[in-house]
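What follows is a structure written as structure tokens; I'll ask about it next.
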Amino acid sequence: MNIYLHVEISSRELDSKLLLATLAASRGHRMIVSDLVGIEKGVNNGVLSPGIFHTKSLSAHKDKIARHQRMIDKGFLITSMDEEGNLNDHGYEGDAKTRFSNKTIEQSTAVFGWGTDDVETLKEIYPKYSHKIYKTGSPRADLWKPLFANYWNVPSQIPKKPFLLISCNTGYSNNVNSFGKLIKFENEMGRYQSNPGHLEMTMGRYAEDFNKMLAYFEAVKYLSINNNGYDIVFRPHPAEDIEAWKIILNGIPNVHVIREGSIDGWVKNAFAVMHNSCTTALEATISKKPVITYILPGQKYSPQLANELGFPVKSPEELTKKVNNIFDSSKLSSYDQNSSETLPEIISKKIFSNNELAAEKIINIWENIDNDNLSKPFNLKRYETSLRQNVLKKTIKKIVGNFIPNKYISVNKNSKFSKLNENDISKRIKKFQHILGLSEKIELKLLSEKTILIQKL
């Protein structure tokens, strides 16, 4: 089959998509891993043959609905998994109403769920389409398992000293776009219409995130002065303006504001993880990494499940004492009591996991829904040409934008999807093959800076 994997945020999704691509390619499927533009251009130009288009969300934006319909009309099948999954809060009803719709699920052939929580909620709200909703678990969570502990590289910007990882999640107040643009975007997605309480939540999160930014600033300053000899890596969320944090934390000793690569590698190499309302707490807990949760007073709108994990602290002094104790301790007996035994009670509804990889379950479903019309090879040269033309148009737009005032031309400086490197991708795939015991020869071909072909030779 032809399978087209949409990646929105490469630091969040690329590795799990490569896991899917490696397993599926070893079973004979032709895989394209790309940003949305790379896939959509190929579909619209008629150079990509029908296949499965696997996307990261099914929100009810009119452009998304129109895009999916164009694909369906050309013979494509749509599948999806919510890449965010609302892992850091209890329940899933709000996300089920705002990140899905009757129309987008109707257009889909299969929807994959992280666990019992999201799957049962989706089936309850969209009972007509319950047969399309599968509890598979997520390939992202696959990579948190001990099986893949050796997959993650040591980040190139890693400090020489041991470090505390602070996973920041203030994407409402410090978004790369203005608050006004965020409101307009969510309105266009139909989120306020489908869930009346979502507008209040958006404004509440905005206010709380500003308070959180101040609390982080004060905590980092205190930690920097009073720590026992470690560094601090401060990692903003992909939706945040990293330059703002670099300015805010500038000049504070032993603090590094970094967003390089996947957060998984940083979690694996940190001696502990600090957070507030952040999904990273789940990953760190599953990875048996000490988690410190910075509890802030009066939080009403921020997600709460993640804040129930780890060691709770409520002040810079308390935080510093706990982090120093963890850093100094060779055996964390208190952390041992909070590890694997309590994990199922806290997050088992959120993340379904058994001996089978979620990635394998998804591929099995893809193979079962194959209608025998999804395997026709596409014209690779024509596809490459269309991708190069698109890159040229973007380059021209960027050059022109440097000479024309921004009010006339807006150039998006937020790069959610970093340029792909063929050698780097090859190394990652070989790691997956080694870990999984796959002996098939896999061919890679970089088609553009954000599109790659992966298939069995």
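The values are calculated or read from the model by the stated rules, or taken from the named source; none is laboratory data. Keep in mind the model is a prediction, meaning the values are calculated, not measured. Here Cβ is always computed from backbone atoms with ideal geometry, including for glycine, and neighbour counts include all displayed protein chains.
In this structure, does GLY137 turn out to be under 30 Å from THR104 (Cα atoms), in contact with a helix residue (DSSP H, G or I) (Cβ under 6 Å, 6 or more places away or on another chain) and in a loop (DSSP other than H, G, I, E, B)?
The answer is yes for GLY137.
Show me the helices (runs of 4 or more DSSP H) entirely contained within the stretch 149-240 in which 3 or more residues are closer than 29 Å to LYS322 by Cα and over 24 Å from the mean Cα position of the chain (by Cα).
In the stretch 149-240, 197-226 are the helices (runs of 4 or more DSSP H) which contain 3 or more residues that are closer than 29 Å to LYS322 by Cα and over 24 Å from the mean Cα position of the chain (by Cα).
Let's see how each residue does on (1) in contact with a Pro (Cβ under 8 Å, 6 or more places away or on another chain); (2) modelled with pLDDT under 95:
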{"residue": "LEU5", "(1), (2)": "no, no"}
{"residue": "SER11", "(1), (2)": "yes, yes"}
{"residue": "ILE32", "(1), (2)": "no, no"}
{"residue": "ASN44", "(1), (2)": "no, yes"}
{"residue": "LEU48", "(1), (2)": "no, no"}
{"residue": "ILE52", "(1), (2)": "no, no"}
{"residue": "ILE65", "(1), (2)": "no, no"}
{"residue": "THR79", "(1), (2)": "no, no"}
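Looking at this structure, is ALA272 among the aliphatic types (A, V, I, L, M) and closer than 20 Å to ARG12 by Cβ?
In short, no.
So, GLY251, is that one surrounded by fewer than 16 Cβ atoms within 10 Å (Cβ to Cβ) and under 25 Å from SER156 (Cα atoms) or not?
Judged against the criteria, GLY251 is a match.
I've got another one for you. Among residues belonging to the stretch 299-323 that are surrounded by fewer than 17 Cβ atoms within 10 Å (Cβ to Cβ) and in contact with a helix residue (DSSP H, G or I) (Cβ under 8 Å, 6 or more places away or on another chain), point out the one that is modelled with the highest pLDDT.
Of everything passing the filter in the stretch 299-323, GLU317 is modelled with the highest pLDDT.
Output the residue which, of all residues in the stretch 8-56 that are of a type in the set (Val, Ile, Thr) and out of contact with any Ser or Thr (no Cβ under 7 Å at 6 or more places or on another chain), is surrounded by the most Cβ atoms within 10 Å (Cβ to Cβ).
Filtering first and then ranking leaves VAL33.
While we're looking at this one, here's another question. Does at least one position in the stretch 138-146 carry a residue that is more than 23 Å from SER277 (Cβ to Cβ), out of contact with any Cys (no Cβ under 9 Å at 6 or more places or on another chain) and surrounded by fewer than 19 Cβ atoms within 10 Å (Cβ to Cβ)?
There is at least one residue in the stretch 138-146 that is more than 23 Å from SER277 (Cβ to Cβ), out of contact with any Cys (no Cβ under 9 Å at 6 or more places or on another chain) and surrounded by fewer than 19 Cβ atoms within 10 Å (Cβ to Cβ).
In addition: Given the conditions (1) in a helix (DSSP H, G or I); (2) under 25 Å from the mean Cα position of the chain (by Cα); (3) in contact (Cβ under 8 Å) with a residue 40 or more places away in the chain, and given that LYS246 satisfies all but one, which numbered condition is not satisfied?
(3)
Residues in the stretch 270-291 that are among the aliphatic types (A, V, I, L, M), in contact (Cβ under 8 Å) with a residue 40 or more places away in the chain and not in a helix (DSSP H, G or I): how many?
4
Going by the structure shown, is ARG70 charged (D, E, K, R), out of contact with any Asp or Glu (no Cβ under 8 Å at 6 or more places or on another chain), surrounded by fewer than 23 Cβ atoms within 10 Å (Cβ to Cβ) and in a helix (DSSP H, G or I)?
Answer is yes for this residue.
Related question: Suppose we filter the stretch 264-290 for residues that are more than 18 Å from LYS212 (Cα to Cα) and among the aliphatic types (A, V, I, L, M); how many remain?
Within the stretch 264-290, residues that are more than 18 Å from LYS212 (Cα to Cα) and among the aliphatic types (A, V, I, L, M) number 6.
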